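Below is one structure, written out as structure tokens; comments come after it.
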Amino acid sequence: MDKYLAGLATESINEETRGIDRCSTVEMVTMINRQDALVAGAVGAEAENIARAIDMIYPRLEAGGRLIYLGAGTSGRLGVLDASECLPTFGVDPDMVQGYIAGGDIALRRPVEGCEDSREDGIAIIDELKVNEKDAVVGITASGSAPYVLAAVEHAKSLGAAAIGLCTNANSKLEKVCDVTIAPKVGPEVISGSTRMKSGTAQKMVLNMLTTCSMVKMGKVYGNLMVDLKASNKKLEDRARRLICHATGVDSETAGEYIVKANSHVKLAILMIETGLEAEAAQKVLDACGGRLAEAIEAGKEK
């Protein structure tokens with residue numbers, strides 16, 4: 001028996017759920033919900049470490065670097081999910097935030113046995129991606145011990161990248177190879193060792209914060225509106241209209257006209273409405289302001 005794994009909080013028995021197999025359906029649901037309610041507090045207790053990680057990620061993205069997630073199993077799937085959502089939400093380059101899972105993309109749909117134990121694969125993906133000092137690498141592993149993740153993060157750090165760890169156990173092996181480690185202490189899982197549950201929820205919450213806060217700092221948000229959205233389908237076009245109406249006070253028809261003028265870019269449409277500038281001139285102002293809409297509106301009104 002592995003003493004390290006046996007000592008993990010997420011592998012221990014949850015005394016609050018011992019009788020779940022004899023519960024009614026509603027009792028099971030209530031029991032799980034009661035445990036899930038503990039997760040937000042555990043994540044909140046890691047606020048300083050989460051902020052430290054964001055302050056390492058943001059300047060690298062601003063300078064043209066990348067945020068790279070690496071994980072195994074549920075942890076890897078969550079990293080891929082968060083990375084894939086950044087493109088439609090914030091309109092970033094597809095390469096800016098990337099997610100990889102041990103075993104490759106096939107492991108997103110079904111388990112690939114033993115892949116998380118391969119240190120060689122972890123090192124190989126870092127070399128394949130040509131990770132360097134401009135990048136931030138986040139290793140995600142509930143136990144804090146997956147060899148694939150540990151080797152990848154350690155290698156990335158040796159190449160000058162920011163090394164960030166995300167796990168759900170204290171005093172993990174991951175801490176020893178990272179610049180900062182985020183470790184929400186979620187405690188024993190509802191079903192012993194099933195880290196797809198509270199651990200997975202905590203990891204998703206943290207990943208949301210890492211990307212969202214970094215994008216806010218990069219000017220991808222105006223107020224709390226996702227103004228770097230590009231209206232690429234009917235649902236997003238409808239959302240774009242509502243965002244423009246909310247930000248500027250124009251009606252839906254006018255918002256639709258400006259979506260066309262701005263080539264489907266919400267941020268540019270808002271700037272055009274607020275300043276009266278045509279698309280080309282508005283884009284120049286926006287570029288000069290680093291894409292920060294509030295600043296660009298002020299500058300555009302002075303023209």
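The values are calculated or read from the model by the stated rules, or taken from the named source; none is laboratory data. Since the structure is predicted, the reported quantities are computational estimates derived from the model, not experimental observations. As a convention, Cβ positions derive from the backbone with ideal geometry for all residues, glycine included, and neighbour counts pool all protein chains shown. Note: areas computed on protein heavy atoms with side chains; ligands, DNA, RNA excluded. Shrake-Rupley method; radii C 1.70, N 1.55, O 1.52, S 1.80 Å.
Which number in (1) among the hydrophobic types (A, V, I, L, M, F, W, C); (2) at pLDDT 95 or above; (3) surrounded by fewer than 21 Cβ atoms within 10 Å (Cβ to Cβ) marks the one condition that A299 misses?
Only one criterion is unmet by A299, namely (2).
Criterion first (farther than 30 Å from L38 by Cα and part of a loop (DSSP other than H, G, I, E, B)) does V260 satisfy it?
Spelling it out, it is not the case that V260 is farther than 30 Å from L38 by Cα and part of a loop (DSSP other than H, G, I, E, B).
Of everything in the stretch 52-72, what is in contact (Cβ under 8 Å) with a residue 60 or more places away in the chain and either part of a helix (DSSP H, G or I) or open to solvent by 50 Å² or more (accessible area, probe 1.4 Å) (or both)? Give them in sequence order.
R52, A53, I54, M56, I57, Y58, R60, L61, E62, A63, G64
Would you tally the residues in the stretch 145-163 being farther than 14 Å from D179 by Cα, without any contact (Cβ under 8 Å) to a residue 40 or more places away in the chain and buried (at least 22 other Cβ atoms within 10 Å of the Cβ)?
Of the residues in the stretch 145-163, 1 are farther than 14 Å from D179 by Cα, without any contact (Cβ under 8 Å) to a residue 40 or more places away in the chain and buried (at least 22 other Cβ atoms within 10 Å of the Cβ).
Answer yes or no: is there a residue in the stretch 273-282 that is part of a helix (DSSP H, G or I), surrounded by fewer than 21 Cβ atoms within 10 Å (Cβ to Cβ) and free of Cβ contacts under 8 Å to residues at least 12 places away in the same chain.
yes
I'd like the full set of residues that are under 21 Å from K301 (Cα atoms) and open to solvent by less than 30 Å² (accessible area, probe 1.4 Å), limited to the stretch 249-272.
Answer for the stretch 249-272, where residues must be under 21 Å from K301 (Cα atoms) and open to solvent by less than 30 Å² (accessible area, probe 1.4 Å): A255, I259, A262, V266, K267, L268, A269, I270, L271, M272.
Considering only the stretch 85-92, I want to know if a residue exists there that is of a type outside the set (V, I, T) and either within 14 Å of K217 (Cα to Cα) or touching a Cys at 6+ places or on another chain (Cβ under 6 Å) (or both). So that I can check it myself, show each step before the final result.
Let us first name the residues in the stretch 85-92 that are of a type outside the set (V, I, T), namely 85-88, 90-91.
Those left that are additionally either within 14 Å of K217 (Cα to Cα) or touching a Cys at 6+ places or on another chain (Cβ under 6 Å) (or both): 90.
So far as the stretch 85-92 goes, yes, one or more of its residues are of a type outside the set (V, I, T) and either within 14 Å of K217 (Cα to Cα) or touching a Cys at 6+ places or on another chain (Cβ under 6 Å) (or both).
Could you pull out the residue among A288, A255 that is out of contact with any strand residue (DSSP E or B) (no Cβ under 8 Å at 6 or more places or on another chain) and either closer than 28 Å to K235 by Cβ or touching a residue at least 60 places away in the same chain (Cβ under 8 Å) (or both)?
A255
From the list G41, G104, G76, G99, which residue is closer than 29 Å to K235 by Cβ, without any contact (Cβ under 8 Å) to a residue 40 or more places away in the chain and open to solvent by less than 60 Å² (accessible area, probe 1.4 Å)?
That would be G99, the only listed residue that is closer than 29 Å to K235 by Cβ, without any contact (Cβ under 8 Å) to a residue 40 or more places away in the chain and open to solvent by less than 60 Å² (accessible area, probe 1.4 Å).
Any residue at all in the stretch 179-201 that is outside any helix (DSSP H, G or I), under 30 Å from Q35 (Cβ atoms), in contact with a helix residue (DSSP H, G or I) (Cβ under 8 Å, 6 or more places away or on another chain) and of a type in the set (K, R)?
Within the stretch 179-201, the subset outside any helix (DSSP H, G or I) is 179-197.
In the following step, the residues that additionally are under 30 Å from Q35 (Cβ atoms) were identified as 180-197.
Then keep just the ones that are in contact with a helix residue (DSSP H, G or I) (Cβ under 8 Å, 6 or more places away or on another chain); that gives 180-193, 195-197.
If we keep only those that are of a type in the set (K, R) too, we end up with 185, 196.
Yes, the stretch 179-201 contains at least one residue that is outside any helix (DSSP H, G or I), under 30 Å from Q35 (Cβ atoms), in contact with a helix residue (DSSP H, G or I) (Cβ under 8 Å, 6 or more places away or on another chain) and of a type in the set (K, R).
Would you confirm, using the coordinates I've provided, whether N132 is closer than 27 Å to P94 by Cα, open to solvent by less than 60 Å² (accessible area, probe 1.4 Å) and either modelled with pLDDT of 95 or more or in a loop (DSSP other than H, G, I, E, B) (or both)?
yes
What number of residues in the stretch 17-38 are free of Cβ contacts under 8 Å to residues at least 12 places away in the same chain and open to solvent by 60 Å² or more (accessible area, probe 1.4 Å)?
11
Based on this model, can you work out whether S192 counts as at negative phi, modelled with pLDDT of 95 or more and either buried (at least 18 other Cβ atoms within 10 Å of the Cβ) or of a type in the set (G, A, S) (or both)?
no
Give me the residue from the stretch 81-96 that is open to solvent by less than 30 Å² (accessible area, probe 1.4 Å) and in contact with a strand residue (DSSP E or B) (Cβ under 6 Å, 6 or more places away or on another chain) and, out of that set, nearest to G165 (Cα to Cα).
Here the residue is A83.
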